[in-house]
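Please treat every number below as a calculation from the coordinates, not as lab data. Keep in mind it's a predicted model, so treat the numbers as computed, not measured. Counting neighbours? That spans all protein chains shown, and the Cβs are built from the backbone with ideal geometry, glycine included.
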Amino acid sequence: MIKARRKIGFHLLLKSRFWIIFLCGVLLFGVRWTKGAGYLDLYSILIKPILPGTAQREWIKEGENIDREIRLKLLEDDNNRLRRALSLQEFKSDERISAAVISRSSRNWWQQLEINKGALDGVLKGQTVVGPGGLIGLVDNTTPLTARVRLLTDPGHQVGAWIDRTKRHGILTGMGTNRPKLIFLNKNSFAKIGDAVTTSPASTLLPPNLTIGIVKFVDEKALPSPYAIVQLTASPEAIDWVQVLKNNG
């Protein structure tokens with residue numbers, strides 16, 4: 001009787017060991033087959049209630065704050081860059097006068113143009129005129145209903161300009177072509193092709209930070225000072241409407 005019981009117990013032990021070994025084998029095979037995915041899932045479920053810890057939460061929060069600050073800075077830079085490129089200066093509607101180009105002289109193509117707003121509309125001599133793309137010139141004289149705009153390309157016409165990347169000032173001088181010359185006030189301009197040219201942020205005669213153009217050529221060895229050739233972003237030959245800014249009149 002005792003031997004029979006021992007024999008039955010021995011068989012049960014063998015069966016239980018067999019199933020344990022079998023289950024372990026299946027588990028190992030499953031881990032190998034799934035490359036540990038199931039194990040990782042189980043592990044993540046078990047530790048989920050305790051993560052993230054206090055230190056981890058601080059790291060996450062700090063990382064999110066840094067990411068947010070960087071993204072805001074990049075968005076701000078992009079916004080400012082687009083505003084400069086498109087001349088979307090923040091002038092109120094009562095600080096600018098929209099006008100159409102009504103006349104050009106074939107002999108003075110790069111010198112002047114006429115617009116359909118004049119003294120009765122609040123246009124005054126010396127006011128800044130911008131078009132799609134940026135600065136194009138200054139009001140030269142007015143009649144009650146029209147005004148003449150002297151273009152940046154007019155020979156001898158000079159306005160102050162600035163390259164923000166190099167922090168260098170210069171005098172933009174019309175040459176009678178669609179590309180005026182920027183004569184620098186420093187012996188070294190450090191200008192490069194592709195640099196953006198604007199009015200100075202410290203300008204008092206013109207509104208600051210108005211887009212003028214892009215540097216297309218630089219002669220660093222020119223005497224008495226280096227100069228650059230500037231491609232205007234507001235092409236005078238393509239403009240059919242303008243805005244007169246009243247803040248500097």
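Note on ASN186/LYS125: beta-carbon distance plugged into 1/(1 + (r/R0)^6) with R0 of 30 Å gives a FRET efficiency of 0.40.
Sequentially through the stretch 224-231, phi angles give Karplus couplings (6.51, -1.76, 1.60; θ = phi - 60°) of x, 8, x, 9, 9, 9, 10, 8 Hz, Gly and Pro residues having no value and appearing as x. Translational diffusion of the stretch 117-249, estimated by Stokes-Einstein from the Kirkwood radius over alpha carbon pairs at 4 °C in a medium of 1.567 mPa s, is 87 µm² per second. Residues TRP110, TRP241, arranged from fewest to most other Cβ atoms within 10 angstrom of their Cβ, appear as TRP241, TRP110. Would you be so kind as to identify which of ILE214, THR233, LEU113 lies farthest towards the positive end of the dipole of the stretch 93-248, taking Lys and Arg as +1 and Asp and Glu as -1 on Cβ and the Cα centre as origin? Highest projection toward the positive end goes to ILE214.
Pairs spanning more than 25 Å between alpha-carbon atoms, out of LYS167/LYS187; LYS167/LYS216; LYS216/LYS246; LYS167/LYS221; LYS125/LYS167; LYS117/LYS216: LYS216/LYS246; LYS125/LYS167; LYS117/LYS216. By the beta-carbon count within 10 Å of each Cβ, the least crowded to most crowded order of LEU113, LEU75, fewest first, is LEU75, LEU113. Among HIS169, HIS157, sorting on how many other beta-carbon atoms sit within 10 Å of each Cβ, with the fewest leading, yields HIS169, HIS157.
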